[in-house]
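Asks: So that we are looking at the same thing, I have put the structure below in structure tokens.
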Amino acid sequence: MRIKHFFAAVLLTAAAIGGPAAAVAQQLSRGQAIYLPLYSHVYFGDRQREFNLTATAYVRNTDPKRPITLEAADYYSNQGQLLKAFVDGPMTIAPLASVNFTVKESDTSGGSGATFLLRWTSAEEVNPPLVESVMIGTASTQGISFVCQGRVVKEK
């Protein structure tokens, strides 16, 4: 019974200092460069056969009040070679809106270790965007899908 009271006291203290909301609070930012893994295929079987995937990169503005500007969405190969710039110029993403960029299943130029490098900015401090890639592929009765999250490599 004492252990229950101890944990209740800890939880009440945590709530008084900021509680669960403080645990999920994130740093505001004015811009970042984000590395996003994106797989055009994965290997399977003993002979490492390729299973091609459709890959989509998503940039979701998580700020409910302020837009962000996507300055670059560059797609790189396994070897780090720029394959395609998906953004020609600054692109505004409205509050709570999202944009996505798709690499077709038939496009295997990126290799199994392809990457997106995304750069965004904002005039004011905002909640950083959620950046994810979704890979999906089907062949005959086989299917695979998975998600990767981006990682901040540079803060503005």
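No value in this document is a laboratory result; all are computed from the given coordinates. Computed from a predicted structure; not experimentally measured. Ideal geometry is used to build each Cβ from the backbone, glycine not excepted, and the neighbour counts take in all protein chains shown.
Asks: Within 11 Å, Cβ to Cβ, of LYS156, how many net charges do the neighbouring residues add up to if Lys/Arg are +1 and Asp/Glu are -1? Each step should come with its number before you reach the end.
Replies: Values: positive: ARG30, ARG119, LYS154; negative: GLU71, GLU125, GLU155.
Around LYS156, the charge tally is 0.
Asks: Under 20 Å between alpha carbons, and skipping anything fewer than 8 positions from LYS65 in its own chain: which aspartates and glutamates qualify?
Replies: Once the sequence-local aspartates and glutamates are set aside, what remains near LYS65 is GLU124, GLU125.
Asks: Can you give the FRET efficiency to the nearest 0.05 for THR121 and LEU82, using r as the Cβ-Cβ distance and R₀ = 22 Å?
Replies: Values: r = 20 Å, r/R0 = 0.92.
Efficiency for this residue pair is about 0.60.
Asks: FRET efficiency for SER98 and ARG47, Cβ-Cβ distance as r, R0 = 41 Å, nearest 0.05? Don't skip to the answer; put the middle values down first.
Replies: Numbers: r = 39 Å, r/R0 = 0.94.
According to the calculation, E is roughly 0.60.
Asks: Next question, about the same structure. Residue by residue through region 119-134, which ³J(HN,Hα) values in whole Hz follow from phi under the Karplus form 6.51 cos²θ - 1.76 cosθ + 1.60 (θ = phi - 60°), with glycine and proline marked x?
Replies: 10, 9, 9, 8, 5, 10, 5, 9, 5, x, x, 8, 10, 9, 10, 10
Asks: Still on this structure: For region 42-109, rounded, prolate or oblate, judged on the Cα gyration tensor with a ≥ b ≥ c (square roots of eigenvalues), a/c < 1.5 rounded, else prolate if a/b > b/c?
Replies: Because a/c hits 1.5 or more and a/b exceeds b/c, region 42-109 counts as prolate.
Asks: For all pairs of alpha-carbon atoms in region 27-155, what percent lies in each bin of width 5 Å, listed from the first bin to the last filled one?
Replies: Bin by bin from 0 Å, the calculated values are 2, 11, 21, 22, 16, 12, 8, 5, 2, 1, 0.
Asks: What does the charge add up to near SER98, with Lys and Arg as +1, Asp and Glu as -1, over the other residues with Cβ less than 14 Å from its Cβ? Intermediate values should be presented prior to the final figure.
Replies: Values: positive: ARG60; negative: ASP63, GLU132.
Combined, the nearby Lys, Arg, Asp and Glu give -1.
Asks: Give me the distance between the Cα centres of region 103-127 and region 75-98, rounded to whole Å.
Replies: About 5 Å separates the Cα centre of region 103-127 from the one of region 75-98.
Asks: How high is the FRET efficiency from SER112 to ARG60, r the C-beta distance, R0 25 Å, rounded to 0.05? Walk me through the intermediate numbers first.
Replies: Working: r = 25 Å, r/R0 = 1.02.
In this case the efficiency is close to 0.50.
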